[in-house]
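Structure first, then comments.
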Amino acid sequence: MARYTGPKSKIARKFKDPIFGPDRALEKKPYGPGQHGPNSRRAKKSEYAVQLAEKQKAKYTYGLLERQFENLFHKAARRKGITGENLLKLLEARLDNIVFRMGIAPSRAAGRQMVTHKHITVNGKVVNVPSFTLRPGDVVGIREKSKTLEVITDGASRRGGRGFNWLEWDNSTSNGKFVDYPERDQIPENIKEQLIVELYSK
């Protein structure tokens, strides 16, 4: 199974949530896609369908494949604490997500591309694995040779301006620090993680 590269507005309308960022199509048509429009009679979703939809929503939001997501869930379940919150913390600690949160990239997809193209460093070493999980104290930076690239210079105004107090950014060095895993109320994504836990518990 390849990573989803189709129309993002269609997915946002399916979940009725701008999971990829501001979406004009969703604002114009705040209902699921389909030829019958908002007036179509849709069968009431089963409990399983609701849980599955929440998992799919999380997968699309963070750009994971099925096996990746399942492995991350089991990793979260082995940790101390609340499994659902642990899952979101691990998703937030992925390198492609941190590149997005720090404002280096305008989206997670762009962050993933920056990482795979070897523009990003962790603790001074180039890392080209988007799923790389950061640990508290790790320093994320832009590779010296990449600092003059247009995509990097155009995003200078975004960096450090997104207000996540579990991240730090130093404009003078173009480095950011992953201070600690965020608490649930510090993660803005509209994901009902308990439904995902219930799904995997079946």
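Filtering VAL115, VAL151 for residues that are more than 22 Å from PRO182 (Cβ to Cβ), in a helix (DSSP H, G or I), touching a helix residue (DSSP H, G or I) at 6+ places or on another chain (Cβ under 8 Å) and of a type outside the set (Lys, Arg) leaves a single hit, VAL151. Go through segment 175-202 and give me each residue that's more than 16 Å from the chain's Cα centre (by Cα) and free of Cβ contacts under 8 Å to residues at least 12 places away in the same chain. Within segment 175-202, SER201 is the sole residue that qualifies.
Can you go through LYS145, LYS125 and tell me which one is more than 25 Å from HIS74 (Cβ to Cβ), exposed (fewer than 13 other Cβ atoms within 10 Å of the Cβ) and in contact with a His (Cβ under 9 Å, 6 or more places away or on another chain)?
Values: LYS125 fails: in contact with a His (Cβ under 9 Å, 6 or more places away or on another chain).
None of the other options fit; the residue is LYS145.
In segment 96-112, the residue that is nearest to the chain's Cα centre (by Cα) out of those that are in a helix (DSSP H, G or I) and within 17 Å of ASN165 (Cα to Cα) is ASN97. Which one is modelled with the highest pLDDT among residues in segment 64-96 that are aliphatic (A, V, I, L, M) and farther than 18 Å from GLU189 by Cβ? Top of the filtered list is ALA77.
Conditions tested, residue by residue: (1) farther than 20 Å from ASN128 by Cα; (2) surrounded by fewer than 19 Cβ atoms within 10 Å (Cβ to Cβ); (3) without any contact (Cβ under 8 Å) to a residue 60 or more places away in the chain.
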{"residue": "TYR62", "(1), (2), (3)": "no, no, yes"}
{"residue": "LEU65", "(1), (2), (3)": "no, yes, no"}
{"residue": "GLY84", "(1), (2), (3)": "yes, no, no"}
{"residue": "ARG94", "(1), (2), (3)": "no, no, yes"}
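The single condition among (1) part of a helix (DSSP H, G or I); (2) over 19 Å from SER201 (Cβ atoms); (3) modelled with pLDDT of 90 or more that ALA25 does not satisfy is (3). Residues that are aliphatic (A, V, I, L, M) and out of contact with any Asp or Glu (no Cβ under 8 Å at 6 or more places or on another chain) were ranked within segment 54-76; the one that is farthest from LEU88 (Cα to Cα) is LEU65. Screening segment 169-179 for residues that are modelled with pLDDT of 95 or more and surrounded by 15 or more Cβ atoms within 10 Å (Cβ to Cβ) and picking the one that is farthest from GLY124 (Cα to Cα) gives PHE178.
Can you tell me which residue among LYS147, LYS118 is of a type in the set (Lys, Arg) and on the phi > 0 side of the Ramachandran plot? It would help to see each step written out before you state the result.
Numbers: LYS147 fails: on the phi > 0 side of the Ramachandran plot.
Only one candidate passes the filter, namely LYS118.
Exactly one residue among GLY137, GLY161 is loosely packed, with under 13 Cβ neighbours inside 10 Å, at pLDDT 95 or above and either over 23 Å from TYR60 (Cβ atoms) or among the charged types (D, E, K, R) (or both), and that residue is GLY137.
Quick grid of which residues meet (1) assigned to a loop (DSSP other than H, G, I, E, B); (2) under 29 Å from LYS55 (Cβ atoms):
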residue: ASN165; (1), (2): yes, yes
residue: TRP169; (1), (2): no, no
residue: PRO182; (1), (2): yes, yes
residue: PRO188; (1), (2): yes, yes
residue: ILE196; (1), (2): no, yes
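Give just the number: which of (1) surrounded by 15 or more Cβ atoms within 10 Å (Cβ to Cβ); (2) of a type outside the set (Asp, Glu); (3) touching a Ser or Thr at 6+ places or on another chain (Cβ under 7 Å); (4) under 30 Å from ALA49 (Cβ atoms) does ILE152 not satisfy? Of the numbered conditions (1) surrounded by 15 or more Cβ atoms within 10 Å (Cβ to Cβ); (2) of a type outside the set (Asp, Glu); (3) touching a Ser or Thr at 6+ places or on another chain (Cβ under 7 Å); (4) under 30 Å from ALA49 (Cβ atoms), the odd one out for ILE152 is (4).
The values are calculated or read from the model by the stated rules, or taken from the named source; none is laboratory data. Since this is a predicted model, take the numbers as computed values, not measurements. So basically every Cβ, Gly included, is an ideal-geometry build from the backbone, and we count neighbours across all protein chains shown.
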